[in-house]
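The structure appears right after this line, and notes come after that.
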Amino acid sequence: MSKDGISIGIVGARGHVGAELIRLVAAHPRFGLAFVSSRALDGQRVADHNPGYSGELRYSSPDYDQLPGLGADAVVLALPNGKAARCVAAFDAAASAALLIDLSADYRFDDDWYYGLPELTRGDYTGQRRISNPGCYATAMQLAIAPMLDVLAGPVQCFGVSGYSGAGTTPSDRNDPEKLRDNLMPYALTGHVHEREVSTRLGHPVEFMPHVAPHFRGIAVTANLRLARGFDRDEVVARYRDRYAGEPLVRVLDEAPWVSAIAGEHHVEIGGFTMSADGRRLVVVATEDNLLKGAATQALQNLNRAFGLPELTGIPH
Ligand SMILES: NC(=O)C1=CN([C@@H]2O[C@H](COP(=O)(O)OP(=O)(O)OC[C@H]3O[C@@H](n4cnc5c(N)ncnc54)[C@H](OP(=O)(O)O)[C@@H]3O)[C@@H](O)[C@H]2O)C=CC1
Ligand SMILES: CC(=O)N[C@@H](CCC(=O)OP(=O)(O)O)C(=O)O
């Protein structure tokens, strides 16, 4: 079941993110799968649904109060938003020592949980056993804005476009390929949870306008930053390069990154730095695979750190 004794359980493993995690954990040199849960796929062979897995494990569908007894060292909750609390309560009731990582938005505002965006928050990790994993857009937006945080003047506007895997597997207009064909679908144009998440984490107001597009995976965020003084483009690019030097999962490019190039990649790309004539306005573009650095890869970074392994173990980079 587990390699070298570190076993990982995944709750909500039928989802797009759960599928990526199965693949990453299966290929990890130290982690193995303890269980993968799905109500719809209960009893079916994982290998029949996931080309990244070749073992004999089958999906199971335990009740939440059975989860702590399944012996996983860490359990990743990959359920839709609003569903994590009952799982967490089961682990609390059992006084389980298992590490919990929640991929939903449910604990991102809870100070009892470590918020795991390693490139920005790894210094806050002091061995917490409850980790909330930032959302895909929230990761891209924070990484795109952070290097300029101390020189911002006024709210930042972020125009976001996501592939429809971002909308999960529960059928909706936002993951319906027919309705998305030749289309760009705006939604939650004010007050999206990611707007609140990024504004809270950066301590600076961010205005977020998300859209979903016909491609499957990958997000692009175009951020508009007003600056307290005039900047040269070179000075701005140097800030980003300095900030992310030594961060293999954040690549600073000169040109604007394309979402078509980020699918399947584990890193974020930031580039396209464009200044207004007076140097007081910067537009910057970030792209990311929402299912990887926006979710599963980041979860793996957090798991690695929690088990004392190098942060990028099992993450191609
Ligand atoms: N998709 C993305 O790009 C990203 C997603 N996230 C977050 O990660 C989590 C997982 O995302 P994703 O894989 O897209 O999610 P899905 O919407 O695909 O849901 C994951 C799985 O949870 C199970 N599930 C669905 N509804 C319920 C329910 N009412 N009660 C219990 N289980 C349910 C389903 O499996 P079954 O019905 O078989 O039990 C489903 O396949 C979400 O919280 C999402 O917000 C974070 C960043 C990026
Ligand atoms: C297209 C689409 O619907 N995207 C989702 C992204 C959700 C996600 O991936 O992140 P969280 O875990 O932070 O919810 C949304 O905008 O809510």
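The values are calculated or read from the model by the stated rules, or taken from the named source; none is laboratory data. Predicted, not measured: the structure shown is a model, and the values here were computed from it. Cβ atoms come from the backbone with ideal geometry, glycine included; neighbour counts cover every protein chain shown.
Every listed requirement among (1) in contact with a Ser or Thr (Cβ under 7 Å, 6 or more places away or on another chain); (2) closer than 22 Å to Asn304 by Cβ; (3) at pLDDT 95 or above is met by Gly71 save one, (3).
Scanning the range 10-49 for residues that are in a strand (DSSP E or B) and over 18 Å from the mean Cα position of the chain (by Cα), we see that the one that is surrounded by the most Cβ atoms within 10 Å (Cβ to Cβ) is Val36.
Scanning the range 179-212 for residues that are within 16 Å of ligand 1 (Cβ to nearest atom), touching a Pro at 6+ places or on another chain (Cβ under 8 Å), of a type in the set (A, V, I, L, M, F, W, C) and over 23 Å from Tyr115 (Cβ atoms) returns a single hit, Leu180. Does the range 197-216 hold any residues that are touching a residue at least 60 places away in the same chain (Cβ under 8 Å) and either aliphatic (A, V, I, L, M) or within 11 Å of ligand 2 (Cβ to nearest atom) (or both), and which are they? Scanning the range 197-216 gives Glu197, Val198, Leu202, Val206, Phe208, Pro210.
Take the conditions (1) closer than 28 Å to Thr274 by Cβ; (2) modelled with pLDDT of 95 or more; (3) of a type outside the set (S, T, N, Q); Gly135 misses just one of them, which is (2).
Would you pick out the residues in the range 95-136 that are among the small types (Gly, Ala, Ser) and more than 16 Å from the chain's Cα centre (by Cα)? Across the range 95-136, the qualifying residues are Ala95, Ser96, Ala97, Ala98, Gly123, Gly127. Of the residues screened, His267 is not one that is under 20 Å from the mean Cα position of the chain (by Cα), modelled with pLDDT under 95 and outside the structural domain of Ala78 (by TED's automatic domain parsing).
Selection of the range 116-175 for residues being of a type in the set (Ser, Thr, Tyr), buried (at least 19 other Cβ atoms within 10 Å of the Cβ) and farther than 26 Å from Arg241 by Cβ yields Ser132, Ser162, Tyr164, Ser165. Tallying residues that are small (Gly, Ala, Ser) and either at pLDDT below 95 or touching a strand residue (DSSP E or B) at 6+ places or on another chain (Cβ under 7 Å) (or both) within the range 188-204 yields 2. Can you name the residue in the range 218-230 that is surrounded by 22 or more Cβ atoms within 10 Å (Cβ to Cβ) and out of contact with any Cys (no Cβ under 7 Å at 6 or more places or on another chain) and, of all such residues, is nearest to Asn175 (Cα to Cα)? Filtering first and then ranking leaves Gly218. Could you go through the range 1-20 and let me know if any residue there is of a type in the set (S, T, N, Q) and modelled with pLDDT under 95. Checking the range 1-20: at least one residue is of a type in the set (S, T, N, Q) and modelled with pLDDT under 95. Would you say Gln157 is polar (S, T, N, Q), away from ligand 2 (no atom under 16 Å from the Cβ), assigned to a strand (DSSP E or B) and in contact with a Phe, Trp or Tyr (Cβ under 9 Å, 6 or more places away or on another chain)? So Gln157 passes the test.
Pairs linking a residue in the range 45-60 that is among the hydrophobic types (A, V, I, L, M, F, W, C) to a residue that is part of a loop (DSSP other than H, G, I, E, B) and buried (at least 16 other Cβ atoms within 10 Å of the Cβ), with Cβ atoms under 7 Å and 6 or more positions apart or on different chains, are Val46/Tyr53; Val46/Leu57; Val46/Tyr59; Ala47/Tyr53. Considered as a group, the residues in the range 1-49 that are of a type in the set (Ser, Thr, Tyr) and away from ligand 1 (no atom under 11 Å from the Cβ) include one that is farthest from Ala167 (Cα to Cα), and that residue is Ser2. Residue pairs whose Cβ atoms lie under 6 Å apart, separated by 6 or more positions or on different chains, with the first residue in the range 119-137 and touching a residue at least 60 places away in the same chain (Cβ under 8 Å) and the second within 11 Å of ligand 1 (Cβ to nearest atom) and not aliphatic (A, V, I, L, M), are Asn133/Gln298; Gly135/His194; Cys136/Asn290; Cys136/Gly294; Tyr137/His194. Restricting the range 59-111 to residues that are among the charged types (D, E, K, R) and in a helix (DSSP H, G or I), which is nearest to ligand 1 (Cβ to nearest atom)? That would be Arg86. Of the residues examined, Leu312 is not one that is away from ligand 2 (no atom under 16 Å from the Cβ), over 19 Å from the mean Cα position of the chain (by Cα) and surrounded by 15 or more Cβ atoms within 10 Å (Cβ to Cβ).
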